[in-house]
Amino acid sequence: MLMKRSQVAPQDMSMTLLPGEEREIEMEVFEPAKGPLDLYILMDFSNSMKDDLDNLKRMGAELADLVGKLSDDYTIGFGKFVDKVVEPQTDMRPIKLAQPWPNSDPPFSFRNVITLTPDLQSFTQKLQKERISGNLDAPEGGFDAILQATVCGEKIGWRDHATHLLVFSTESAFHYESDGANVLAGIMPRNDEQCHLDPDGKYTEDTRQDYPSVPTLVRLLGKHNIIPIFAVTNHSFTYYEKLHEYFPIAELGLLQEDSANILNILEKAFEVRMGLFKGKFKVRVKASEMVGEQHVCSLEQGDKKGKMRVKPTTFSTALNINAEVLCKTCDCEKNPFRNAVRCTGHGDLVCGKCKCNDGWLGPFCNCSASASTDPGTSCRGPGVEEPCSGRGDCLCGACVCYNTDQYEGSLCQFDKSQCQRYGGFLCNDRGRCFMGQCACAEGWEGPACECPMSNQTCLDTKGGVCNGRGVCKCGRCECQDSGLAMTPTCEANFQAQLGMCEDKRSCVQCQAWKTGEKKDSDQCDQCQFKVIMVEELKENKEVIEACSFRDEDDDCTYHYTVDYPEDQTVKELEVQVLKKKDCPPAGFLWLIPLIMFLMLLLGLLSLCCWKYCACCKSCLALLPCCGRGRMVGFKENQYMLRQSMLTSDHLDTPLVRTGPPKSTDVVRWKITDNVHRSPNHPLAQVQPNPKETIQFPLSLRLNRLFTDSLSRSDARDTELLRREVDDNLNEVYKQVPGTQRVQNTTFRLQRNAGKRADHAIVDTVLPAPRSSYPNIVKLTEKNVQSGNFQDLKVVPGYYTVATDRGLCVCFQEGVETVDVHVPLFVKEEDDDKKQLQVEAVDVPLGIAEIGKRFVSITIIKEHAKSVMSFLQPSYTYSRQDKVANIPITREIIEDGHTQVSYRTRDLTAKDKKDYVTVDGELSYGPGETQQTVPVRLLEMGEGDGLLKDTQVKQFVMDLSNPRQGAKLGRYPRTTVTITDKPGESAGFINQTATSPGGRLNSPTNVKAKATGPRSIRLNWDPLGKSLGYKVKYWIYGDPEADAPPAMNVKTNHADLANLYPYCDYETKVCGYNALGDGNYSDMVPCKTLEDVPSEPGRLAFNVISPTVTQVSWAEPAETNGVITAYEVLYTPINDDTKPMGAAKKVKIDNPKKRMLLIENLQSAQTYCYQVRAKNSVGWGPFKEATINLASQPTRPMSIPIIPDIPIVDAEAGDEYDGYLMYSSEVMRSPTDSKRPSVSDEGGYPQTTPPFLTSLCRLASVVSWELYCVLNARLAPGVPDTPTRLVFSALGPTALKISWQEPHCDRDVLGYCVLYQLLNGGDVKRINMSSPTDNSVVVQDLLPNHSYLFKVKAQSQEGWGPEREGVITIESAVDPNSPLSPMPGSSFTLSTPSAPGPLVFTALSPEALQLSWEKPRKPNGDILGYVVTCEHLHGGGDIRSFQVSGDSAETSLTVPDLSENMPYKFKVQARTTQGFGPEREGIITIESQDDGKRTESYKSLFYPRFYLVISLTLTTTQHTETSGMVTRHVTKEVVQRSMQVAGTSSVTKKVERSFYET
């Protein structure tokens, strides 16, 4: 039982070491096969995971078996999460907060449902009670749940000595810190990493704290020894595939759509984890002699001892080493035995060890120094002049090698680093170098251990070795040279053989039948193979390809096969051709009378059958001759679709056939668009232009099978077939006048197509005049029935030519359901709620009858719960009615509460004279569809009666401000007319009433039609005895009083010109005679047609860097329609504004994104930018602007880049450049990103007791490394490093520095900003006593000089570590005064870069080679470099080297180094502007004296806690080890130090993946 809990042995150890002494101890790591296990399942409870939850509930028994199999001592728990309960993550409407989905729980962030328990029955019972919940956006708040499940150890129930597994199951992406969603929600505070679960297990701070970041989760999971297992579906697998690489230990599994395989993922992940950490490892601890220039024994007693903690990541137990430096003199040292016998009388015995007298050597002082100086021949080998091969000393006739870890042999003749290498690794890292040869590990052989002894890597898919067509040598198949495409296991490469039948078709025809394209002997002789004519072909499964084609010359079908040749030396494939073709039977004259007799007999039988059917209707459904036993009809009645959620412009609705499925039925169907519009609707009365060119969607079934490659538009097979289809269809349809070339050709499968289900369907679009539809259908039907479109083979009986007039669909034999591919005709001018009706018209071919004939499709433009509108655009009421009751209707889409405002406004009727104005709000309850607004009408005064005012009295009522999900509908305004006579109320204006005094009545049947973007034509019925007509028109929404003077016309029609495009107008007409103007007609609305938009407004530029520019623009002043896209052109030009290169175009399909970020521009180049807009009519004119990058200031942005800005690369190809979008997948910008000077670092700097250098090395058969550090960290309450340092230039000599508050357990009291010139000078200090002041403005800086800025925070416990950054303000200066900027000159920020990554190569124990790359931004011309070298812990002289030149890569050899001594190297470029920032690297040339360890794990090694990192000096280091020849590579990264229980235990995987984020 003890070994099931103790995973590291020993666990405690104490040792004392002499100064400079090194001691090696052995540590055993044990992970029990069935140790204690804590399994916590964390599941996404959004609605999309409903089937996953149901499956998990059914897996109670299987889950019990699995955890029992994994461990004898287990607990299991369950938690659920959705997202923060706040907009925009969650729908905050009360009805959705109560129940976001049917039969669901209210939304929540995270809840601990079942605390870890060993009772599986109780776990299963509690799980059955859970219900799904829901939210709005796709990314979920899983990071909140992971953090709470990690830090709430007691409430979750984690046990100290158990293995902790956290299974995270979801099918969505994740929110993370500062991803933008919380900015919209107003949640700004960072996550405090504390437990916030209430007694019910619910997370309480979700609406007050941000999500945690990825580094935070990595640190906390490691600290609490929890292994995450991500079980995600294919929808979000790529997100978590990248995420799990940041964790030192994590597993990832692909979840099925319903989570049916979650147990398999869990079992596989646990098997991978078990046994990973087993074996014995060596740990070396060495005590330093000197700390700086002070001996270790002169330090205080407390500084001479400490504690180290060594453990694998995620283990709870560890090896604790209490070490102390021993500086006291032992008693045995005071009383030595003089000239002791053990020392052969030539030395003193001190504490059991011989201390030899002068002139004597050896462990027992038995070797004379004078004798040992003459090596003689015993220390020289044949042909070797130097004793001991120059690698050791000859003592008493035997060689003692200088470095036993590198040299071995009796004469030191073998170098352990000089064995053969493979892939750059000594002995392929599968063995060790022994006596000049590789001693391979078990299972490996070869001079460099490069060959596996097993043949597992040579097994083919059938389990054989190299498919019988090769031999397995050194783990690889050597295939016989057959000239054929082979896989690495000598199998047929079917991917390379696609199209084999078509490729050999013409040669088979010409050789076997003398037909086809190559029937000429010259072309046929060029074929690379010879066919073999056979009587019978092989089975299809025995050959590579079985092919069949129709011969065009005789209409016969021939067959052949393609297979490997029996003679393996032949390089060409063997083609066998069947001698007999399949031909249609020949016509014989003697068969004609027989056929005629049979036809007559068949007719008589049919007539008898029909008569019998007519007499006995009960048999109609049973007889195959009668069609009434088979019915066809639509399966569904109606569909409700939202335009924003449409993923296609078509809808597949099933058409079902019942009855005997024999033979074929063709059903003709049609679709009618906008059936919801009445016949009087203005758009319904518009007759289509027969000459208008429209797009006819066309579908055909090809006579070829569908392959997976056809589903990929960029595949080569797809491109070849698309070209063939387009060429043949264009050749056929050019017969129809006015047709254009086909477009947008794609390929798909049609479900439920019976025997033809595997054939490819081609969808394309044929632009042609509207009137050409009958000709297109006729031509299509003719070619389909013939089976050919020129050379394109199609299947007869299937075609679709899509319009709103009519289409066909075909039922094949044995098919009961066919999907009708219905076009939705989605257009910009559609109503907010449009309806389409699909009708099965008739069955032109077949015997089926039509059952369910209609299916209705409703498309809603936007998500609205209700549509508010007046019933009519106008009403008429008499004054004697006293009240005008105006009905306001509500169309319910989603039931609930809705509100809308209303208000009256004067036209010719006046408030308090003709009526009493009203305004207010209407509230509709659930199910309520109509309310009435009463308006009080006033009686006519005596003055009005005497004046006989004949002017029509009118006022309008407007609807506005719809709320709670409502929107305005068709009639948001109505006009109310007040008459003076009774009987003219409750409807439209009485158009037949006679005007008093003989004036004319109002014209009737007034119609308005837009004839262009700037013109409208009005027509009305003529009035008798009129002298003419007056037409008034004004823009909808403007007062009628602002209308231009009425137009006077003499005919009963008028043309309005010079109008605004795409603008709503109101018109009305009256006639006049000698008595004056008659009554005006009702107002008739009309909208002019769209026109191309005007040029976009203001072009603005933000130069991010010399090669990155952000351009933005305003919407055109006159959109003249709905803007659908923008196009940006940018061209490099010279001083004469002439192009210097090709213009590049970027199309932005989202009109809301009027901003573009362009990268990789040419520095100091002038560009001409052109932007134009597009609507349904076409492209508008360009807006042009020119910008010179050399003269523009680079102003860094002080906020994160907006996630939805399109980004293009100026170095990409021509035409429309694809652009990337920032999304939740982008977590951090890379260090070389062309972005503002922003650093976003964090971590916990560590301090180290000065006397110990912990060099921990763990090595076994498992590729695993462990670094150990001293248990030292920041004191509690000391603030961390300030994060997110941002520089913003305010002028050529002024700079603003801002930062974010660091993490701290206590309150931050203030900050300190230090800055100085990078080349040296006085350090200036700015103190800020307020913790809210996280920015400062620095004045009087020198232009074109680099400054080093440092920011640190203070608490009551003291100052925290500094955040550093180097910045330069570049600007033009006065030639006579280089330190003074030119007045009015532009300025920009730049960050000088340090030399590139440092590369160390060990040449010997005392020398190494250092190389580096040229700085990316050197800030001037490079004159050379300065390299400094010093001991890491002080002591010794600082060495300096001058290196000249400015090549791309520079190297330097540094001699006279010491073994096992850590050094710090600094490389600094010297330019014409001064010295740039330094690049640092820390290195140790390590050697070992223990001869027992022969594995080649010696390395250039660096202690983890000596790594020095800042904004521009940041390095992390990786080693690639092989004896003394070692490369040590440093890479520029951003530091994210991690601490676990007071120590830093970071695996090599984290060093590589996480620190390079």
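Figures for the structure shown
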{"quantity": "Test: residue in region 799-816 that is hydroxyl-bearing (Ser, Thr, Tyr), at pLDDT below 85 and out of contact with any strand residue (DSSP E or B) (no Cβ under 6 Å at 6 or more places or on another chain)", "calculated": "yes"}
{"quantity": "Exclusive hit being modelled with pLDDT of 85 or more and open to solvent by less than 20 Å² (accessible area, probe 1.4 Å), set Arg219, Arg284", "calculated": "Arg284"}
{"quantity": "Any pair with Cβ under 8 angstrom, 6 or more apart, that starts in region 718-744 at a residue that is on the phi > 0 side of the Ramachandran plot and ends at one that is part of a helix (DSSP H, G or I)", "calculated": "Gly738/Ser772"}
{"quantity": "Residue count, region 512-549 (criterion: open to solvent by 40 Å² or more (accessible area, probe 1.4 Å) and part of a helix (DSSP H, G or I))", "calculated": "7"}
{"quantity": "Matching option when the condition is modelled with pLDDT under 85, of a type outside the set (A, V, I, L, M, F, W, C) and over 52 Å from the mean Cα position of the chain (by Cα), among Asp520, Asp567", "calculated": "Asp520"}
{"quantity": "Single residue of region 1277-1310 satisfying the filter (assigned to a strand (DSSP E or B) and touching an Asp or Glu at 6+ places or on another chain (Cβ under 7 Å)) that is nearest to Asn1344 (Cα to Cα)", "calculated": "Arg1284"}
{"quantity": "Residues satisfying the stated conditions in region 1413-1443, i.e. of a type in the set (Gly, Ala, Ser) and either modelled with pLDDT under 85 or within 24 Å of Asn1344 (Cα to Cα) (or both)", "calculated": "Gly1420, Gly1424, Gly1434, Gly1435, Gly1436"}
{"quantity": "Pairs, first surrounded by 14 or more Cβ atoms within 10 Å (Cβ to Cβ) in region 91-118, second among the basic types (Lys, Arg), C-beta under 6 Å, six or more apart", "calculated": "Ser104/Arg131; Asp105/Arg131; Ser109/Lys84; Arg111/Lys80; Arg111/Lys202; Val113/Lys80; Ile114/Lys126"}
{"quantity": "From the options Glu478, Glu502, residue that is modelled with pLDDT under 85, surrounded by fewer than 18 Cβ atoms within 10 Å (Cβ to Cβ) and not in a loop (DSSP other than H, G, I, E, B)", "calculated": "Glu502"}
{"quantity": "Members of region 1451-1463 that are open to solvent by less than 40 Å² (accessible area, probe 1.4 Å) and in contact (Cβ under 8 Å) with a residue 40 or more places away in the chain", "calculated": "Leu1452, Val1454, Leu1457, Pro1462"}
{"quantity": "Qualifying residues in region 998-1034 (those that are among the β-branched types (Val, Ile, Thr) and at pLDDT 90 or above) - the one nearest to Tyr1080 (Cα to Cα)", "calculated": "Val1031"}
{"quantity": "Single condition Ser1355 does not satisfy, out of (1) within 30 Å of Ile1483 (Cα to Cα); (2) surrounded by 18 or more Cβ atoms within 10 Å (Cβ to Cβ); (3) among the small types (Gly, Ala, Ser)", "calculated": "(1)"}
{"quantity": "Total residues in region 689-717, condition open to solvent by 50 Å² or more (accessible area, probe 1.4 Å) and without any contact (Cβ under 8 Å) to a residue 60 or more places away in the chain", "calculated": "7"}
{"quantity": "Residue in region 414-429 that is in contact (Cβ under 8 Å) with a residue 24 or more places away in the chain, open to solvent by less than 40 Å² (accessible area, probe 1.4 Å), within 30 Å of Gly347 (Cα to Cα) and in a loop (DSSP other than H, G, I, E, B) present", "calculated": "no"}
{"quantity": "Residues (assigned to a loop (DSSP other than H, G, I, E, B) and either under 15 Å from Val1427 (Cβ atoms) or among the hydrophobic types (A, V, I, L, M, F, W, C) (or both)) located in region 1448-1464", "calculated": "Ala1448, Pro1455, Asp1456, Leu1457, Met1461"}
{"quantity": "Any hit, region 1128-1136, residues being farther than 30 Å from Phe1387 by Cβ and surrounded by 16 or more Cβ atoms within 10 Å (Cβ to Cβ)", "calculated": "no"}
{"quantity": "Enumeration of residues in region 1056-1109 that are under 30 Å from Gln1162 (Cβ atoms) and modelled with pLDDT of 90 or more", "calculated": "Glu1095, Pro1096"}
{"quantity": "Some residue of region 544-552 being among the aromatic types (Phe, Trp, Tyr) and at pLDDT below 85", "calculated": "no"}
{"quantity": "Number of positions in region 323-354 that are out of contact with any helix residue (DSSP H, G or I) (no Cβ under 8 Å at 6 or more places or on another chain), charged (D, E, K, R) and assigned to a strand (DSSP E or B)", "calculated": "2"}
{"quantity": "Within region 1015-1051, considering residues that are of a type in the set (A, V, I, L, M) and part of a strand (DSSP E or B), the one surrounded by the fewest Cβ atoms within 10 Å (Cβ to Cβ)", "calculated": "Ile1035"}
{"quantity": "Helices (runs of 4 or more DSSP H) enclosed by region 136-189 - at least 1 residues per element that are open to solvent by less than 20 Å² (accessible area, probe 1.4 Å), within 21 Å of Gly79 (Cβ to Cβ) and not charged (D, E, K, R)", "calculated": "142-151, 153-156"}
{"quantity": "Residue match in region 1362-1383 (condition: closer than 30 Å to Glu1459 by Cβ, out of contact with any strand residue (DSSP E or B) (no Cβ under 8 Å at 6 or more places or on another chain) and open to solvent by 20 Å² or more (accessible area, probe 1.4 Å))", "calculated": "no"}
{"quantity": "Meets criteria (open to solvent by less than 50 Å² (accessible area, probe 1.4 Å) and closer than 24 Å to Arg1479 by Cα) for Leu1295", "calculated": "no"}
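The values are calculated or read from the model by the stated rules, or taken from the named source; none is laboratory data. Only a predicted model underlies this, so the values are computations on that prediction, with no experimental measurement involved. So basically every Cβ, Gly included, is an ideal-geometry build from the backbone, and we count neighbours across all protein chains shown. All accessible areas refer to the heavy atoms of the entire protein, side chains included, with ligands and DNA or RNA removed. Shrake-Rupley method; radii C 1.70, N 1.55, O 1.52, S 1.80 Å.
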